[in-house]
Each structure stands twice: as C-alpha cells, then as structure tokens.
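Notes follow the structure.
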Amino acid sequence: MATTDQTEADAQALRIVKRPEVQHARSNVEMRWRRVLHNDPPEEAWLSFQDMLTDYTYNYALKSVADPNYPRVIHIYTQPHKWRGMDVPGSRWGGNNPDNVYRIIPIDGKAHYRLDGQRIGSGPDDVSYQLVGDYQTTQTLGLLGGRDLVYKPDGSFSITLDPEPANGRPNHIQTKPTALFLFIRDSLGDWAEKANALSIHRLDSPDAPPRTDEQAAAIAADAMVNGQAQVYYYVKMAHGTPNYLEPFPNSSGSGGGLLTQRASIGDAMLGDDEALVITLQPGGAQYYSLVAHDYWFITRDVTRYLSSLANGQSQPNRDGTITYVMSLKDPGIHNWIDPGGLHNSIMMIRLQGLPAHPTVEPTVQSRLIKLSELKAVLPPDTKWVTPRERAAQLAQRKAQYEARLADR
C-alpha cells in the first residue's frame, strides 16, 4: 500500500512541476529571493541556489497532490533519488534532518481517519505524529509523541483522527477545521533502524472526486508564493554568530519545530586550515544529532558526505559527552562532520526523548581552532580512524540511506 501511495504521489507531482502555473510560481519565488538577498550570500551559496528552488518547488508539488478525500502516506523532505524508474527531485527545506523518515498524510478536519502502524524490529529512537495547519508543516494543532504512543505486544498500533475528543481512546488526535496534514517524523538514531510501517484509512465516504492536476497545480503555485516569507525567515534565523552554537538548547516549538524537541543552531564559517570543535552533553536524550546544512538550510548529499551523525553513529567520550569536529579537511576522527566543501554551513543539534527532569541538563560548547591544534584539544579517548575505516563508514552510510528510500 505504501509503495503504491508513493509511486502515485511522485508520478502526479512530477506532472505538476512541469505545468506553466507552477513554473511561473517558481520564477516569481526566484525573483523575490534575488530582490531581498541582493549580494548577501557568499559566492559558494549561489552555486546551489537553483537546486534549492528545485527542492522548494517539488516540496509543494508533493503536498498539493495530497488529497484528504483519498489520503496517501507520502514520503517528503528527501534528497534527489530514483524511485520506480522515476528521477525524483529533492523536497528539502528548513533544516531537514537526514535521520528522520518524514511523511505526510492529508487530513480533512471534518472527517474520520484511522492510521494503522507496525513497529519493525526495535523501531525508531523517537517518533511524533503532528497535526499541522499550514503547508510548511510548522503550525501545530495537535501532537502525539513517542512517549504517549501505545503499542500492542506485537508492535502494532492504531491512531484515530477525528473532530471528537478522545473520551478514553488511546492514540487519538482530535482534528481541527483548519487541519491540512498529519506530519510524521521517525527519528533514526542508527540508520540500520526501520521506520514504522504505516497505512491510512478514511472512514467517511469522499465528498469530492479526486483532485485533478489542474487543481493540484493551483494549490502548489499559491502555496509556493505564500510560503516564501516563512522559508526566508527560517534561513535568516539559522544564520547567527559565526562559529557559535547556542550553549543551552531551546525548545523547537517556539520557532515552528517539534514541540518535544530541544535544539541549538549555529553558523560555521571555516577556513581551509580551521576546525570547529563541538562538545555535546545530551542530558539523557533518547535521540540526538548534529547536522551540517548549506546556506539555504538544506542538507548536503548524505550519501556522499559525512555531514551528520546521530546518537547511534557517534562515539561518546568516557564521561558521556560527545565531541564532534567540523572541518573542510578530514581530521581523521570518527566524529567528523563534513560540510561538503562549504566554508559557511548552518549547524543544528537536535535532542529528543529527554527525561522530564534531566539529572544533567543538555549543553553545547563550541571552539574554533587551527587543525594543527586538534590533537592537543581533543579528549584522550577520541576514536581515530584510518582511510580504510573512513571509506567503510561512508559506504555503510550510503547503503543504509539508499535502503531506506527503497523500503517504502
């Protein structure tokens, strides 16, 4: 079912992006970006400007074909890839997390739905089911977090979504008239983990015929133009003091992110001979990660670059902290964050599944040094890697991400 959902959604979205109204909206969005930015971004940022616009356009095309009368489980915020013979563009924006399997399900706030799921193996480190009321998936109307999700002994579960209160029903989200999507994150602390298998069922009869390409294109074009100001805001918000991460991670909810998450964002500005040493105290989080993004707050190609590390991929220090090194040149340590050749990179630390009352509060320390100083600065128990070990680390990363895309 999910494979059919994704195939149908991508096939229609690929038609939508070619329509003149969507191409006109893309040109309008590009013009607005150029007028507001002028010469602000560095030259290297402009090299990926058109790629950003392609992701932006396809993001809204996928959302426009999500019809609440005929709901589908649609994977989104992925990087460019091949799927069932189709060349699928990326759909990333706004600090997308490569550890997350992101999915959307269209919701009519007046209707009744049941989402059936199955945990595979140990399942993700954290999950969230967020009812949202905007096309940027940032306006939270309801939330069912991983700590509140009730599984059956076999790992299966069902979530009901309708306008009525729970009235004792577990795994229930009360919908609102302005609801657009159920936005789902499965956070994989180790990329060998599997996202929960999902299928959606509308329990009411449809009240309209399937959405046509013309109708979807009109929705996509309108959302692209109206959503640009918010996307611009997130890009500008992410750029801050050079080589500085907020030392005390803040709730992401105030900025439109996941309500149950804390995050720290910073702006790396590195020379070829420099390194940013970042030490994280995760405070008992079930899931944490450090991700490098480009100027437009979009992830690098995660199958080519070691541009992120999650908790299951990171090597902790003996005291429970984790030390990362971000640098353009490979420093030879396991916890290297590779910005993929970018001197200016947006960094983001996420923490999810934190204890209600942590015995140790999560903190972040960052320090810019010369690469030549690295050995003197790093903890004595730092794990160093050989070129062969690095190649194996990257090969495993590529294989696991591609397996994730194939397993839908």
Taking max minus min of the Cα coordinates of the range 2-236 on each principal axis, largest first, gives extents in Å of 56, 42, 35
Going by the alpha-carbon gyration tensor, a ≥ b ≥ c the square roots of its eigenvalues, is the range 274-387 rounded (a/c under 1.5) or, if a/c is not under 1.5, prolate (a/b greater than b/c) versus oblate? oblate
What does the C-alpha gyration tensor say about the overall shape of the range 252-305? Classify as rounded when a/c is under 1.5, otherwise prolate if a/b is larger than b/c, or oblate. prolate
Pull out the extension gain between ASP207 and THR321, defined as 0.36 nm times the separation in residues minus the alpha carbon to alpha carbon distance; nm, one decimal. 35.6 nm
Unit-weight point scatterers at every alpha-carbon of the chain, Debye formula, q = 0.07 1/Å: log10 I(q)/I(0) is -0.32
Of ASP126, ASP87, ASP108, how do they rank once you tally other Cβ atoms within 10 Å and put the fewest first? ASP87, ASP108, ASP126
Calculate how steeply helix 387-406 sits against the longest principal axis of the alpha-carbon atoms of the chain, using the helix alpha-carbon long axis, and give the answer as 0 to 90 degrees to the nearest 10. 10 degrees
Sorted by Cβ neighbour density within 10 Å, fewest at the top, the residues THR160, THR4: THR4, THR160
To the nearest 10 degrees, how steeply does helix 49-64 sit against the main Cα axis of the chain, on a 0 to 90 scale? 30 degrees
Which one, ALA263, PRO124, PRO20, is farthest towards the positive end of the dipole of the chain when Lys and Arg carry +1 and Asp and Glu -1 on their Cβ? PRO124
So for R0 = 25 Å, FRET eff. of LYS398-ASP51 from the Cβ-Cβ r, to 0.05, ends up at 0.80
Does the range 235-326 come out rounded, prolate or oblate, given a ≥ b ≥ c as the square roots of the eigenvalues of its C-alpha gyration tensor, rounded meaning a/c under 1.5 and, failing that, prolate meaning a/b above b/c? rounded
To the nearest 0.05, the calculated FRET efficiency linking THR363 and GLU214 through their beta-carbon distance, R0 being 60 Å, is 0.70
Solution diffusion estimate, µm²/s, Stokes-Einstein, the range 347-408, Kirkwood Rh from C-alpha pairs, 37 °C, viscosity 0.692 mPa s: 204 µm²/s
Would you mind counting up the charge near ASP381? Only other residues with Cβ under 10 Å from its Cβ, with Lys and Arg at +1 and Asp and Glu at -1. +1
0 to 90° range, to nearest 10: angle between helix 2-16 axis and the chain longest Cα axis: 90 degrees
Under the definition of Cα pairs under 8 Å and six or more residues apart, what whole-number percent is the relative contact order of the range 2-236? 27 percent
Which peptide among 162-172, 179-189, 268-278 comes first, and what is the full order, when sorted by highest mean count of other Cβ atoms within 10 Å? 179-189, 268-278, 162-172
Which order do the peptides 314-320, 137-143 take when ranked by the mean count of other beta-carbon atoms within 10 Å per residue, highest first? 137-143, 314-320
Would you mind working out the magnitude of the charge dipole of the range 66-190 relative to its Cα centre, with +1 at each Lys and Arg C-beta and -1 at each Asp and Glu C-beta, to the nearest 20 Debye? 180 debye
I'd like the FRET efficiency for GLU21 and SER199, computed as 1/(1 + (r/R0)^6) with the beta carbon distance as r and R0 of 30 Å, rounded to 0.05. 0.40
Any idea how far apart LYS383 and ASN167 come out in nm if each label point goes 7 Å out from Cα toward Cβ? 5.2 nm
Kirkwood Rh, Cα Rg: Rg to Rh for the range 171-307? 1.02
Long-range amide H partners of HIS112 with built H, under 5 Å: LEU203, ASP204
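Rule-based calculations on the coordinates, nothing more; no lab input. Note that the structure is a prediction, hence the values are computed from the model and not measured. Positions of Cβ are backbone-derived with ideal geometry, glycine not excepted, and every protein chain shown enters the neighbour counts.
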